[in-house]
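Trainee: The structure is given below, and queries will be raised subsequently.
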Amino acid sequence: MISERVVKALNEQIGKEVFSSYLYLSMASYFDSIDLPGFAKWMKVQASEELGHAKKIYEFVYDRGGRVELPAIEKPKCEWEFPLRAFEDAYEHEVFITKSIHSILDIAREEKDYATNEFLQWFVKEQVEEELQVELIVKNLKRLGDSPVAIYMLDKELGSRGAD
Ligand code: OFO
C-alpha cells in the first residue's frame, strides 16, 4: 500500500510531466511559426515523451492501490526572442523536473516506500539524459551564434530525431 503523502507527490509530478509536454509543444509551435521545422519536430517528439512519463507515473499509482487526481495545468510561455532562449528555458525546466523527482524520492525514503524508491530510479536516470541532451543543444546554439546557415544546418540535424 502506498501512503497519501507519496500519492500526493506523484499526482503533482503527473501534472509537471503534462506541463512539460505542453511547454515543449508550445516551443514546437514557436519554431513552426519561425519556419524551423527541424527544431519543431524535436520539440514535438519531446512533448510526446513527456506524456509518456506522465502515463508511467499514472499506471504506477494504480499498481500501488492509489488514486490519480490530475492537477490544473498552467498556460505555457509561447514566444521566445530566438531559438537559443527557448532551449535555455527547456534546460532550466529540466533542472526543475530533476529537483522535483529528487524531492519525491526524499519523501518515499522518509515513508520507507521501497517500491516507489525503486520506481523513481528510472526517472533519475532519464533526467540525466534529458538535461544532457538539452544542454548540448544550448552549447551548439551558443557556438553557432545567429548565423542563418548554421541554424539551417542544426534544423536539419534536429529534424532527424526519431519520430514518436
Ligand atoms: Fe519528464 O523529463 Fe523532461 O520534463
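The values are calculated or read from the model by the stated rules, or taken from the named source; none is laboratory data. What you are looking at is a predicted structure, and each value in this text was computed from that prediction instead of being measured. Every residue, glycine among them, receives a Cβ derived from its backbone with ideal geometry; neighbour counts consider all protein chains shown. Note: areas computed on protein heavy atoms with side chains; ligands, DNA, RNA excluded. Shrake-Rupley method; radii C 1.70, N 1.55, O 1.52, S 1.80 Å.
Trainee: Using alpha carbon centroids, what distance separates region 18-42 and region 81-149, in Å?
Mentor: The two parts, judged by their Cα centres, are 17 Å apart.
Trainee: Would you please calculate the Kirkwood hydrodynamic radius of region 4-159 over all C-alpha pairs and express it in Å, rounded to one decimal?
Mentor: Working: mean 1/r = 0.0608 Å⁻¹.
That comes to 16.5 Å for region 4-159.
Trainee: May I ask which of Lys77/Lys125; Lys16/Lys156; Lys16/Lys56; Lys16/Lys125; Lys41/Lys139 have a Cα-Cα span longer than 22 Å here? Can you show the working numbers first?
Mentor: Numbers: Lys77/Lys125 27 Å; Lys16/Lys156 30 Å; Lys16/Lys56 13 Å; Lys16/Lys125 17 Å; Lys41/Lys139 19 Å.
Over 22 Å Cα-Cα: Lys77/Lys125; Lys16/Lys156.
Trainee: Next question, about the same structure. Considering the dipole of the chain built from charges on the beta carbon (Lys and Arg +1, Asp and Glu -1) around the Cα centre, which of Ser3, Ser20, Asn140 is farthest to its positive end?
Mentor: Farthest towards the positive pole: Ser3.
Trainee: Using a Gaussian network model of the chain with C-alpha springs under 10 Å, which one of Pro37, Pro76, Pro148 is most mobile by mean-square fluctuation?
Mentor: Result: Pro148 has the largest fluctuation of those listed.
Trainee: Can you give the accessible area per residue of region 1-74, in Å², using a 1.4 Å probe?
Mentor: Heavy-atom accessible area per residue stands at 49 Å².
Trainee: Now for a separate question. Counting only protein heavy atoms and using a 1.4 Å probe, what share of the accessible area of the chain belongs to carbon plus sulfur, as a whole percent? Can you show the working numbers first?
Mentor: Working: 5060 of 9090 Å².
Reported share for carbon and sulfur atoms: 56 percent.
Trainee: Right, another one. Between Glu110, Glu17, Glu135, which gets the highest mean-square fluctuation from a Gaussian network model of the chain, Cα cutoff 10 Å?
Mentor: Between Glu110, Glu17, Glu135, it is Glu110 that shows the largest mean-square fluctuation.
Trainee: For the chain, set up a GNM with springs between Cα atoms under 10 Å and report which of Glu130, Glu118, Glu81 has the largest fluctuation.
Mentor: Highest fluctuation among the options: Glu81.
Trainee: Then there's this: Just reorder Ile137, Ile34 by solvent-accessible area, largest first, 1.4 Å probe, all chains present. Walk me through the intermediate numbers first.
Mentor: On the way: Ile137 15, Ile34 70 Å².
Correct descending sequence by accessible area is Ile34, Ile137.
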